[in-house]
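What follows is calculated from the coordinates using simple rules that are stated; it is not laboratory data. In this text, all values refer to a predicted model and were calculated from it rather than measured experimentally. So basically every Cβ, Gly included, is an ideal-geometry build from the backbone, and we count neighbours across all protein chains shown.
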């Protein structure tokens, strides 16, 4: 009987410590898009998204691009890559109804991520901090939308989408299970 009360006492003493665990560990929202090539293309890769306060860290690793090419890189409004040319993903994600621009410009779509520069082997890697999008449930959330890599350069000014050409890869942005960091 004494062991039972000792256990109850220990649990009572530990409750305050357990209630502070949320201050020590916080959930970080993250998402991933696995890119697959569109019909007739070979581009594929992964794009990871991590919410860090008011910015989303975007980390991309893409293979199968044109050697030494520059490729437009965007979040599109629909999470649908079913069409052979990825036209099912719709237009650029644009929750604020802004003009097209570059990732650091004041006038830009939420989905304007700029360009990826491929090396001599057709591999591109990028790390960007993007404002104006989230991984939550807000109207500017990119969860459930698509990432598109284009065949050509986004000129960062032509309306409505930067004139970056055909879509060579598409992937659905899916939220990762919550992680504790």
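Expected output is a single nm value to one decimal: the length gained when fully extending between residue 52 and residue 85, i.e. 0.36 nm times separation in residues minus the C-alpha distance. What is it?
Values: separation 33, 0.36 × 33 = 11.88 nm, distance 3.26 nm.
Fully extending the segment from residue 52 to residue 85 adds 8.6 nm.
Sorting 69-78, 115-124 by average packing, meaning the other beta carbons within 10 Å per residue, from highest down gives 69-78, 115-124. Extension gain for the segment residue 159 to residue 99, taken as residue separation times 0.36 nm less the Cα-Cα distance, is 20.9 nm to one decimal. The gain in end-to-end length when the residue 28 to residue 117 segment is fully stretched comes to 29.2 nm, 0.36 nm per residue minus the alpha carbon separation.
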